[in-house]
Structure formats: C-alpha cells, structure tokens
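Chemist: If you scroll down you'll find the structure; I have some questions about it.
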Amino acid sequence: MKEVITTIGLDLGKKVFQVHGVDAAGRVRVRRSLRRAQMLGWFGKQQACLVGMEACATAHYWGRELSRLGHEVRLIAPAYAKAYVRRNKNDAADAAAICEAVSRPGMRFVAIKTAAQQAASGLHRMRDLLRKQRTMLINQLRGLMAEFGIVVAGGPQHVKDLLAVLADPADARVPELLRGPLLGLAQVLGDVERRVATLERQIVAWGRGNATYRHLITVPGYGPILAGAFAAFVVEPSTFRSGRDFSASLGLVPRQEGTGGKLRLGSISKRGNGYLRRLLVNGAMSILNTAEPARTRGSPGCSPASRASSWRWPWPTSWHGSAGP
C-alpha cells in the first residue's frame, strides 16, 4: 500500500518553490521544486495534510490558498526553522528543516491573516514608510538651508518657518539657484503629509467596524493608530498566555544570557514587530509626560521611575475575550 504524505515543508520563493514531504513514519516521499503556476494544481491533487511554511513574504496568501484546498497550514517564524537546517543552506535543506520544525509538539506558530487583516496591516506599513520619507525630506530641507545660516527650532511643527523664508521673495539669504528646487522639495513634503493624513483617516474608518479597535481605544495611552495597529497585526491574542508573553514577542523584555545558574539580564531584546513596539513605547511615554499621580503631583522629589510605577502601562497584562479579533 502506498504511504500517504502527512507532512509537507514548503520553502517559499518568488518563482520557484521547494517541497519536502514525509509520511507518518518520517520517511521522505517527495522532494521536488514547483513553479508558481504549478502550486495550486499540485497541492490540489494531494490528500489533506499538514503544510509548514516560514512566516515571510506571501506566506499569508499561500496559507489562505492552501487552506481552501483542505490542508492544515502552519506558519513558523524563520528563526525557529533555522535551527533544523543541516549543514549547507539551500532551498531543499530549508524545506526539510521546515518539515521537521512544523512537526515538533512545542513549536510556536504564527496565525494566518485574513485578506481584510492583511489590507489593514498594509495601511500601517504604508503610513510608516511615508513618515520615514517625511523625516528624510525635512532633514534634507533643514540641512540645505542651514548651510546659509537659516536654522529653526527642532520638530516638524517648525518647518513652516523654513517654508516662510522660501516663500518670501525679499529674503535673499537663499540663492535663486537653490530656491526653486527647495520649493519643489516643500511641495513633495506637503504631498507626503497629505497622504499620511489620508491613510490615518482610513485606519480610523476601518477601526470603527472592528471590535478589537473599539475595545483598545478606551485604554489610556492607546490612540487610533496604536489601537488600529493592534487589531491589524495581532491576529489571535489568545495564543499568548499573558500580556507578559506578548511583550516578550515584541522584544520589550530584557535579553537573557546565563550559564551555570547565573543569569544576566541585558537591555530589551527588540525582537518582533518594531512598528508596534514603537507605538507602544510612544503611548507609554505620552502618559508619563502628560499626567502625574495625585500622590506625587507637586512633589519635588518625584522621579520618572516613581511616576511609571504608579501608572498602568498601555499594553495589557492579560488578554480578555473581548479583545479578540
């Protein structure tokens, strides 16, 4: 009797995909490469089995497509699959490592996003990119005008002072050769700011129809962007045992190094989603900077550490059912 493939490790690529399949006894039954056009046809002919993939680009798309064909799809963080690679690293070795890792009972998996969640997370990624471009444009404008002795206070809110200098034809500090290009740069900056504002309005509009967004927006330190990012990126909060585990997944806990029973804690590990981590830290700092506890208000010895201990941080210490997607 022909053995049935029970587990498949799939190494994703742009055009070529590597497949490594084993049966219930762990014997290799298939080891081949597939072109993109062959993927759905080949998997459609296979009996329903467990398919493991690294949580990388296009993984959520293929996870949804293969799930529709009846397969059980599990996504693994690339760092977890790397430990199972033997010797040389290539597509075949990666697929074999994924196949081995996905069958481990203690392995942690990444939840597959729906198309709506993927679209919402795409809004946040576009916003993050445009904000970086806005910072680049502002820095370039500041640097070029500083070469002519025109310096204003820090912060994007003071860029308007630079634009006023450029718009004043009577101000001859900026040579005419450079004034035109700088005005063009200012137009690009204004267009980027308008696009950022449009994306933020779309995020808020999407969040009004999301239960997780409406739940988180009531937490101190959670604004529309942070609440929307949580609803878009954290697909299944129930997979975390507590808020502490979730903080560890974002790299907000100390890095641990130790041997011989001696444990040393370093700085935060900064693992996971950096965009979500930055929003959480900004939310926490907004609470510390805008309010003080009643017991320390006006006290000359009040330190940031004492204020921090008196306030609830804007990430939860435990997950509740109402916070689910």
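The values are calculated or read from the model by the stated rules, or taken from the named source; none is laboratory data. All values reported here derive from a predicted model rather than from experimental measurement. As a convention, Cβ positions derive from the backbone with ideal geometry for all residues, glycine included, and neighbour counts pool all protein chains shown. In case anyone asks, the SASA skips ligands and DNA or RNA and just uses the protein heavy atoms, side chains included. Shrake-Rupley method; radii C 1.70, N 1.55, O 1.52, S 1.80 Å.
Chemist: Got at least one residue in the stretch 83-97 being touching a residue at least 24 places away in the same chain (Cβ under 8 Å), in a loop (DSSP other than H, G, I, E, B) and open to solvent by less than 40 Å² (accessible area, probe 1.4 Å)?
Modeler: No: the stretch 83-97 contains no residue that is touching a residue at least 24 places away in the same chain (Cβ under 8 Å), in a loop (DSSP other than H, G, I, E, B) and open to solvent by less than 40 Å² (accessible area, probe 1.4 Å).
Chemist: Taking the stated definitions as given, is S247 polar (S, T, N, Q), part of a helix (DSSP H, G or I) and surrounded by 17 or more Cβ atoms within 10 Å (Cβ to Cβ)?
Modeler: Answer is yes for this residue.
Chemist: Can you run down the residue pairs with Cβ atoms below 7 Å, 6 or more apart or on separate chains, where the first is in the stretch 104-127 and under 16 Å from S67 (Cα atoms) and the partner is open to solvent by 70 Å² or more (accessible area, probe 1.4 Å) and not hydrophobic (A, V, I, L, M, F, W, C)?
Modeler: Sorted first by the residue in the stretch 104-127, then by its partner, the pairs are F109/R74; A111/E236; A111/T239.
Chemist: Can you find a residue that is open to solvent by less than 30 Å² (accessible area, probe 1.4 Å), modelled with pLDDT under 95 and of a type in the set (D, E, K, R) anywhere in the stretch 28-44?
Modeler: No - not one qualifying residue is present in the stretch 28-44.
Chemist: Of the residues A79, A48, A25, which single one is in a loop (DSSP other than H, G, I, E, B) and modelled with pLDDT under 90?
Modeler: Criteria check complete, one pass: A25.
Chemist: Return the residue satisfying two criteria in turn: it lies in the stretch 98-115 and is part of a helix (DSSP H, G or I) and open to solvent by 60 Å² or more (accessible area, probe 1.4 Å), and of such residues it is farthest from Q187 (Cα to Cα).
Modeler: Here the residue is E100.
Chemist: Being closer than 30 Å to H60 by Cα, polar (S, T, N, Q) and open to solvent by 50 Å² or more (accessible area, probe 1.4 Å) is the filter here, so list the residues in the stretch 116-161 that pass it.
Modeler: Step one: of the stretch 116-161, the residues closer than 30 Å to H60 by Cα are 116-134.
Add one more test, that the residue is polar (S, T, N, Q), and what stays is 117-118, 121, 133.
Hits for the stretch 116-161 are Q118, Q133.
Chemist: Hey, any hits in the stretch 132-147 for a residue that's more than 30 Å from L66 (Cβ to Cβ) and either part of a strand (DSSP E or B) or among the β-branched types (V, I, T) (or both)?
Modeler: If we filter the stretch 132-147 for residues that are more than 30 Å from L66 (Cβ to Cβ), which is where we start, we get 132-147.
With the extra rule that they be either part of a strand (DSSP E or B) or among the β-branched types (V, I, T) (or both), the set shrinks to 135, 138.
Checked against the condition, which is being more than 30 Å from L66 (Cβ to Cβ) and either part of a strand (DSSP E or B) or among the β-branched types (V, I, T) (or both), the stretch 132-147 yields at least one hit.
Chemist: List the number of the failed condition for V234; all other conditions in (1) of a type in the set (A, V, I, L, M, F, W, C); (2) out of contact with any Lys or Arg (no Cβ under 7 Å at 6 or more places or on another chain); (3) at pLDDT 90 or above hold.
Modeler: Failing condition for V234: (3).
Chemist: Mind checking which residues of the stretch 22-31 are charged (D, E, K, R) and more than 11 Å from I8 (Cα to Cα)?
Modeler: Matches in the stretch 22-31: R27 only.
Chemist: While we're looking at this one, here's another question. So in the stretch 1-27, with the set limited to residues that are touching a residue at least 40 places away in the same chain (Cβ under 8 Å) and more than 18 Å from A93 (Cα to Cα), which one is least open to solvent (accessible area, probe 1.4 Å)?
Modeler: I5
Chemist: Still on this structure: Here are T218, T198: which of them is over 20 Å from L250 (Cβ atoms), without any contact (Cβ under 8 Å) to a residue 40 or more places away in the chain and either part of a loop (DSSP other than H, G, I, E, B) or in contact with a helix residue (DSSP H, G or I) (Cβ under 6 Å, 6 or more places away or on another chain) (or both)?
Modeler: Residue meeting the stated conditions: T218.
Chemist: Could you tell me which numbered condition E257 fails, if it satisfies all but one of (1) under 28 Å from G106 (Cα atoms); (2) surrounded by 11 or more Cβ atoms within 10 Å (Cβ to Cβ); (3) touching a Gly at 6+ places or on another chain (Cβ under 9 Å)?
Modeler: The single condition E257 does not satisfy is (2).
Chemist: Count, please, the residues in the stretch 132-156 that happen to be under 14 Å from L178 (Cβ atoms) and among the aliphatic types (A, V, I, L, M).
Modeler: Matching residues across the stretch 132-156 total 5.
Chemist: Which condition from (1) open to solvent by less than 30 Å² (accessible area, probe 1.4 Å); (2) closer than 29 Å to A77 by Cα is the one that A186 breaks?
Modeler: Of the numbered conditions (1) open to solvent by less than 30 Å² (accessible area, probe 1.4 Å); (2) closer than 29 Å to A77 by Cα, the odd one out for A186 is (2).
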